[in-house]
Amino acid sequence: MSLKKYITYIKVVETGSLTKAAEILNYTQPSISQMISSLEEEYGFSLLVRQKNGVKPTENGLKVLKAMREIEKGYGKLSETVDEINGLETGNIRIGAYISIATNWMPKILSEFKQLYPFIEIQLYEGNASELERWLDEDKIDFAIGSSYHNKGYFRFLLEDPIVAVMNSQHELAQSDVIDVRTLESVEYILPYSDSLFEVHDLIKKAGIQPRVAYRIRGDETIIAMVRNNLGISLLPELLLSHSTLDNITVKPLSSYTSRKVGILTNTTKHAQTPSIHKMIHFIEEWVEKHHHKERFN
């Protein structure tokens, strides 16, 4: 059956290894190689380049990969629809989310969702904004929970997440009611990398300022730890702070309100989604509507 070969090839590309794909799919490595060879013989061109540390798709292999994934998704949607008609709730969902959301929201969401749909399998991938965007493009995930910045596909709004200033409680600005972003030119500033927080870089650019950057950091918790030790102030989304330990840290609003829009990003409309994905997205929307005010920093 060609579908089995397509799924095999997709998994080999995702893992970059015949051995890992065989382990995941519960096949032998020779059978994996045989299926790939069968496809190559059928198509008349190579699909994989063998390397010392694994395999990668050829240029032609990448071209057919997207079509194979569409066939796999179509078959999955058909199977789930048939199961749904027969009273079964099955499926496989791949979700990407910001690390802060994966940590703070997803354990509760997945626990409640699993109680309703125990036979739907879920894979959760943690990543920054750039990674979520790439995973959607590569079809590694079915949807992402992230911000609307640079979104190329479909965006379903969940909440508005204010950008706030964070600083050590003994910092010279800690007694201020609000923080003017222009003060970043006169105090030491800890700058998040742009691939993690596009909105912060956009805010600085629009303000037309040159911050006095003391450190450039990618990890959210690392930034918070450095702020706690009075190594500088930073600008972060409020949601990111909701479950962090804020001992010896003061949080202040900006004088000019700025926020990021957090929502669900997909490459397909809801009509093209499998029943299980549609159920999960709807569940997340309802959960956030009910709980997000409790998740916010106060």
> In the chain, what percentage of the DSSP-assigned beta bridges are antiparallel, given to the nearest 5?
Replying inline: 60
> Relative to the longest principal Cα axis of the chain, at what angle does helix 275-295 sit, 0 to 90 degrees, rounded to 10?
Replying inline: 10
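Under the definition of Cα pairs under 8 Å and six or more residues apart, what whole-number percent is the relative contact order of the chain? Each step should come with its number before you reach the end.
Working: 462 pairs, mean separation 61.7, N = 298.
Taking the mean separation of contacting Cα pairs over the length of the chain, I get 21 percent.
Given contacts defined as C-alpha pairs under 8 Å and at least six residues apart, what's the relative contact order of the range 1-63, whole-number percent? List each step's numbers first, then the result.
On the way: 56 pairs, mean separation 18.4, N = 63.
With pairs under 8 Å counted, the relative contact order is 29 percent.
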>> Need one word for the range 1-63: rounded, prolate or oblate. Basis is the Cα gyration tensor (sqrt eigenvalues a ≥ b ≥ c); a/c below 1.5 gives rounded, then a/b vs b/c decides.
In response: oblate
> Which pairs, out of K20/K63; K63/K152; K5/K261, put more than 31 Å between their alpha-carbon atoms?
Replying inline: K5/K261
> If amide H atoms are built 1.01 Å from N in the plane of the peptide, which residues on other chains or at least 5 residues away come under 5 Å of the amide H of I217?
Replying inline: L191, Y193
>> Give me the one-decimal nm value for the distance between modelled label points at D202 and K63, 7 Å along each residue's Cα-to-Cβ direction.
In response: 3.6
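Relative contact order for the range 159-261: what percent, with Cα pairs under 8 Å and sequence separation of 6 or more? The partial results should precede the final answer.
Details: 187 pairs, mean separation 52.6, N = 103.
About 51 percent, as a whole number.
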> For the Cα atoms of the chain, what angle does the longest principal axis make with the long axis of helix 59-85, in degrees from 0 to 90, nearest 10?
Replying inline: 90
> Is the chain best put as rounded, prolate or oblate by its Cα gyration tensor, with a ≥ b ≥ c the root eigenvalues, rounded for a/c under 1.5, and otherwise prolate when a/b is larger than b/c, oblate when not?
Replying inline: prolate
>> Per 0.36 nm of contour for each residue apart, how much would the distance between L88 and Q29 grow if the chain were fully extended, relative to their Cα-Cα spacing?
In response: 17.9 nm
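From the Cα gyration tensor of the range 159-261, with a ≥ b ≥ c the square roots of its eigenvalues, which class applies: rounded if a/c is under 1.5, or else prolate if a/b is larger than b/c, or else oblate?
Values: a/c = 1.21, a/b = 1.09, b/c = 1.11.
The shape class here is rounded.
Rounded to the nearest 0.05, what FRET efficiency do Y125 and S186 give with R0 = 51 Å and r taken as the Cβ-Cβ distance? Could you check?
On the way: r = 40 Å, r/R0 = 0.78.
The computed FRET efficiency comes out at 0.80.
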> So what J values fall out for the range 21-27 if you push phi through Karplus, 6.51 cos²θ - 1.76 cosθ + 1.60 with θ = phi - 60°, rounded to Hz, Gly and Pro as x?
Replying inline: 4, 4, 5, 5, 8, 6, 10
> Under 5 Å between amide H atoms, partner at least 5 residues away or on a different chain: which partners does L158 have, H built in plane at 1.01 Å?
Replying inline: V262, G263, I264
> Between R212 and E285, what is the spin-label point distance in nm, taking each point 7 Å from the Cα along the Cα→C-beta axis?
Replying inline: 4.7
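Using 0.36 nm per residue of separation minus the Cα-Cα distance, give me the extension gain between E221 and E112 in nm, one decimal. Don't skip to the answer; put the middle values down first.
On the way: separation 109, 0.36 × 109 = 39.24 nm, distance 2.69 nm.
Gain on extension, E221 to E112, equals 36.5 nm.
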>> How many angstrom lie between the Cα centre of the range 175-207 and the Cα centre of the range 232-277?
In response: 16
> Could you give the nm distance between label points at E42 and D195, where each point is 7 Å from its Cα heading toward the beta carbon?
Replying inline: 3.6
>> Can you find, among Q210, I101, H243, the residue sitting farthest towards the positive end of the charge dipole of the chain, where Lys and Arg contribute +1 and Asp and Glu -1 at Cβ?
In response: Q210
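Any read-out appearing in this document is the output of simple, stated calculations on the displayed coordinates, not a laboratory observation. Remember, it's a predicted structure, so these values are computed and weren't measured experimentally. All Cβ positions, glycine included, derive from the backbone under ideal geometry; neighbour counts span all protein chains shown.
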